[in-house]
1. In the structure shown, do any of Lys368/Lys418; Lys570/Lys650; Lys312/Lys368; Lys600/Lys668; Lys377/Lys410; Lys600/Lys663 have a Cα-Cα gap over 25 Å, and if so which?
2. With label points built 7 Å along Cα→Cβ from the Cα atoms of Ile406 and Leu136, find their separation and express it in nm.
3. Between Ile26 and Phe154, how many nm apart are label points set 7 Å from Cα along the C-beta direction?
4. Output the peptides 254-264, 33-43 sorted from most to least packed, where packing is the average of other Cβ atoms within 10 Å over each peptide's residues.
5. Name the long-range amide H neighbours of Val665: under 5 Å, sequence gap of 5 or more, or other chain; modelled H, no Pro or chain starts.
6. Any idea how far apart Asp661 and Thr431 come out in nm if each label point goes 7 Å out from Cα toward Cβ?
7. Would you kindly derive the ³J(HN,Hα) couplings of segment 597-605 from the backbone phi angles with the Karplus curve 6.51 cos²θ - 1.76 cosθ + 1.60 (θ = phi - 60°), listing them in order in whole Hz, with x for Gly and Pro?
8. Once the piece of chain linking Trp19 and Ile398 is laid out straight, how much longer is it, given 0.36 nm per residue of separation minus the C-alpha distance between them?
Amino acid sequence: MTKVAGTAHPVPRVRRLTWLPVLAYIVLIAILYTALSRSLAASLVFDPPVLMLVLNTVFLFGISLAVCTVAMRAYLASGSSNILLLGCGVLTLGCAALAGGWVRPLGGTANASVTIHNLGVLLASIVYAMSALLTLLKAEPEQIMEKRQQRVFFALAGTLILISIIIAGTLRGAVPLFWAADVGSTPVKQLVLSTAIVLFALTSIYTMILYFQTSHYFLYWYSLALALTAIGLIGITVMKAMGDPIGWAGRTAQYLGGVYFLIAALSALRNAQRQGLTLEAAINRFYSRSEVHYRDLVDTVSDAIISIDDRKRVLLWNRGAEKMLGYNSKEAEGSLVSDLVMPERFIESLDEELQALQGEDSNPFAAKGLEIEMRRKDGATFPSETALSMRRIGSSWIAALVVRDITERKRAEETLKKAHDELEMRVQQRTEELQAINEQLKIENQERVKVEIELRESEQRLRELSMALLSAQERERKLIAQEIHDGLGAYLAATRFKVESVLTEMGDDNPQAKIELESVIPIVQETIEEARRIQMSLRPSILDDLGILPTIKWSCQQFESTYPAIRITKEIDIEEDDVPKSLKIVIYRILQEALNNIAKHSKTSVVSLFLRKTDQAIHLVISDRGQGFNLEEVCSRKGVTKGLGLDSMKERAELLEGSFDIKSVEGKGTTICASWPLMPR
């Protein structure tokens with residue numbers, strides 16, 4: 001069991017012998033009771049009334065009155081009801097002994113003396129037992145000083161009133177006989193004393209248990225005093241004649257118990273002086289069972305727990321304080337805490353915090369946390385985190401300091417701060433680097449934007465150039481077609497006309513020449529047709545004369561006449577005026593190239609042609625059900641093997657802000673899609 005620092009010392013060997021009177025009296029009473037007959041005991045009676053009065057007054061009443069005074073003051077300081085009952089029990093025992101001793105000199109009978117004493121002893125044993133029971137039940141102390149004062153008054157008054165009632169009832173004969181001259185002890189006395197003996201013995205045992213748990217000398221002496229009181233009552237119970245040796249053995253046991261009560265009080269006083277406590281506060285601590293559990297608790301805590309009174313003297317010093325600060329509890333308790341562990345520069349701060357907590361009158365429990373420097377026994381100092389709390393007890397305070405060594409935490413904080421500073425520096429450096437990179441990126445981005453603008457301008461110029469080239473190409477084609485039509489066509493027609501005229505004029509005079517000339521006419525005619533085909537291929541005049549829709553119809557007819565195995569289905573949902581003039585030649589060229597590719601590669605029998613207008617665009621779709629081709633393979637070709645047809649169609653479509661897409665699956669055909677957004681008019 002954990003010992004309380006400052007009082008938990010082994011009992012010296014000489015003091016261990018102080019329990020021997022308990023055993024000696026038990027043996028002595030047993031021997032006397034066995035050896036003495038009633039007649040022999042009567043012959044050995046020694047009972048001078050004045051001597052008993054003096055002994056009861058000195059050893060029982062005087063000591064009991066002193067202990068009762070201290071107990072009542074301790075109750076006013078702590079509010080613990082078990083201490084209040086302790087004082088009442090001591091007072092009851094002393095008053096009963098005093099009254100029992102004074103009755104006979106004042107003319108009372110032996111029965112009256114025995115009855116008053118024995119009833120008082122029974123009442124005292126009951127009060128003692130109640131005090132021990134409240135300690136066992138850990139009753140809460142009374143917090144209000146006015147109620148404490150009222151309870152002290154009523155407890156003392158009640159004790160004196162009960163003793164007075166016992167005295168009055170005994171003198172008036174209202175109480176059954178406790179002692180008869182010819183009989184000795186009556187059954188009533190035996191019952192009363194037996195009950196008191198049992199209660200005193202149980203209280204003594206319980207107090208000794210508290211001593212073994214705390215090793216407070218006060219409890220040791222107090223337990224022996226109760227035990228001697230119980231043994232003395234046994235002697236009085238079994239005595240065979242008033243004043244016989246057995247009775248005197250019981251009386252002296254009680255007197256020795258009174259001496260032990262006095263030694264207990266002196267032991268408490270010496271311990272109080274060593275700890276800087278009042279005697280009342282020391283007795284309160286000694287008799288409080290909750291302190292045992294409290295000490296077990298505080299000694300298991302690694303932090304230093306220091307309790308000080310309102311004079312800043314150490315009351316409690318746990319094992320954590322011993323390990324942390326170097327002083328053992330015997331050195332620390334009773335000393336000024338500032339002299340032990342407080343560097344001089346922090347004493348004023350502690351005083352200010354204590355005064356601030358004392359100023360919180362409305363709060364019986366006040367607390368505050370602070371960081372202060374502590375000093376060890378060897379003079380070394382360390383940073384601490386100290387929780388300072390204060391509890392009001394009556395008109396004074398008890399403060400507690402829970403000290404935690406935060407040296408490692410401070411080191412960790414310094415390391416963390418250093419790492420934080422390094423990180424901040426690195427972040428700042430990295431930020432500067434990123435800012436420089438960002439500035440560089442801004443410059444590069446501006447240059448990239450400039451390049452993109454220039455690229456877009458170049459693309460626009462390239463598109464304009466391509467458009468100009470295509471326009472020039474179309475103009476050249478148109479011019480060549482016009483030249484073929486107006487020049488070569490006219491010459492061929494004139495040649496045919498001239499040959500036919502010569503044939504008419506020749507008649508039949510030269511049949512051989514006529515035959516030769518007639519063979520020239522078909523050749524001239526084929527040449528005229530070929531010239532017309534070349535003209536239409538270069539630039540069909542129908543496109544300029546009639547428009548795109550008749551041109552599409554004519555072109556399809558020409559294709560079907562050239563390739564009679566291929567049939568074209570047309571679905572045209574657009575008006576001539578809906579097609580911009582610049583788009584007409586583009587639609588024609590895409591159709592022309594698509595039909596040429598179909599004729600060369602598709603091996604299809606059906607071609608579908610769609611030309612329609614929606615709310616947003618003009619769509620051209622040309623599809624076949626031929627053999628198709630691998631689009632990726634064709635697009636990946638380089639040089640002349642790639643061909644220019646697909647690129648030409650795509651380029652023509654996109655020059656007018658259009659889109660071009662081609663889809664082909666081997667064995668399933670090819671679909672060409674082109675669309676142009678409608679421009680607002």
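1. Working: Lys368/Lys418 30 Å; Lys570/Lys650 22 Å; Lys312/Lys368 17 Å; Lys600/Lys668 16 Å; Lys377/Lys410 21 Å; Lys600/Lys663 18 Å.
Pairs exceeding 25 Å: Lys368/Lys418.
2. A separation of 4.7 nm, rounded to one decimal place.
3. Those two pseudo-labels are separated by 4.0 nm.
4. Numbers: 254-264: 23.0, 33-43: 13.2.
Result, highest mean first: 254-264, 33-43.
5. Phe629
6. 5.0 nm
7. Once rounded to whole Hz, the list reads 5, 5, 5, 7, 10, 6, 6, 9, 10.
8. On the way: separation 379, 0.36 × 379 = 136.44 nm, distance 3.61 nm.
Length gained between Trp19 and Ile398: 132.8 nm.
Throughout, read-outs are computed from the coordinates displayed, never taken from laboratory work. None of these values were measured; they are calculated from a predicted model. A quick note on method: Cβ atoms are made from the backbone with ideal geometry, for glycine too, and the neighbour counts reach across all protein chains shown.
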